[in-house]
Amino acid sequence: MSNIFDKILEKPESLIVNEKQLCSGIFWILSDNNDLSDHKILAFDIPCDINGIPDNPCSLKLNAKSGITYNHKKTWDNEIKTNNEHRSYNKKDYDYYPRGRIHVTNNKAIIYINPSINQPKLINEIKQVFGLSVYNIAEVEVKIDGSSHYRCFLD
């Protein structure tokens, strides 16, 4: 009678962890509650390598000056404001909800966020959405940005 270990030896690919691919990009935490308890993450992720080079930039609508990521305002105006799928929150301006950015370079990811997002549960969810795991990247740093650049209704 075979056991679980025999099955693993027969199919070693079963040991592979199915992780989301590493991504850079931008996101919003959509909630009108001050504690963000009913939040939804709206992410525009860009599959990339450990140096932040997009896998297939031509297939994406990257709109930042650099050409390798998204701009929050342009993305909100072009992809959210006019989309009926996002009707419940597309009447607000791009800077109403807390937002952030994932920057990947040199096997390191930096999560830039509004201070109100600095909650362990939210940080873990953001990491999942962007594939920021030990299987994909060596280091993840969170940078709290309280400047006017990341202001939102909670400030």
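The values are calculated or read from the model by the stated rules, or taken from the named source; none is laboratory data. If you're wondering where the values come from, they're calculated on a predicted model, not measured in any experiment. A quick note on method: Cβ atoms are made from the backbone with ideal geometry, for glycine too, and the neighbour counts reach across all protein chains shown.
Of the listed requirements (1) over 24 Å from Leu22 (Cα atoms); (2) in contact with a Phe, Trp or Tyr (Cβ under 8 Å, 6 or more places away or on another chain); (3) not polar (S, T, N, Q), His86 misses just one: (2). Sort out which residues of the stretch 80-105 are acidic (Asp, Glu) and at pLDDT below 90, and write them in order of number. The one that is acidic (Asp, Glu) and at pLDDT below 90: Glu85. From the list Asn136, Asn83, Asn118, Asn124, the lone residue that is surrounded by 13 or more Cβ atoms within 10 Å (Cβ to Cβ) and free of Cβ contacts under 8 Å to residues at least 60 places away in the same chain is Asn118. Can you find a residue that is under 17 Å from Phe27 (Cβ atoms), in contact with a Pro (Cβ under 9 Å, 6 or more places away or on another chain), surrounded by 17 or more Cβ atoms within 10 Å (Cβ to Cβ) and without any contact (Cβ under 8 Å) to a residue 24 or more places away in the chain anywhere in the stretch 43-65? Taking every residue of the stretch 43-65 in turn, at least one turns out to be under 17 Å from Phe27 (Cβ atoms), in contact with a Pro (Cβ under 9 Å, 6 or more places away or on another chain), surrounded by 17 or more Cβ atoms within 10 Å (Cβ to Cβ) and without any contact (Cβ under 8 Å) to a residue 24 or more places away in the chain. Within the stretch 95-109, the residues that satisfy the criterion of being surrounded by fewer than 19 Cβ atoms within 10 Å (Cβ to Cβ), touching a strand residue (DSSP E or B) at 6+ places or on another chain (Cβ under 8 Å) and not basic (Lys, Arg) are His103, Asn107. Taking the conditions exactly as written (in a helix (DSSP H, G or I), within 16 Å of the chain's Cα centre (by Cα) and among the β-branched types (Val, Ile, Thr)), does Ile123 satisfy them or not? In short, yes.
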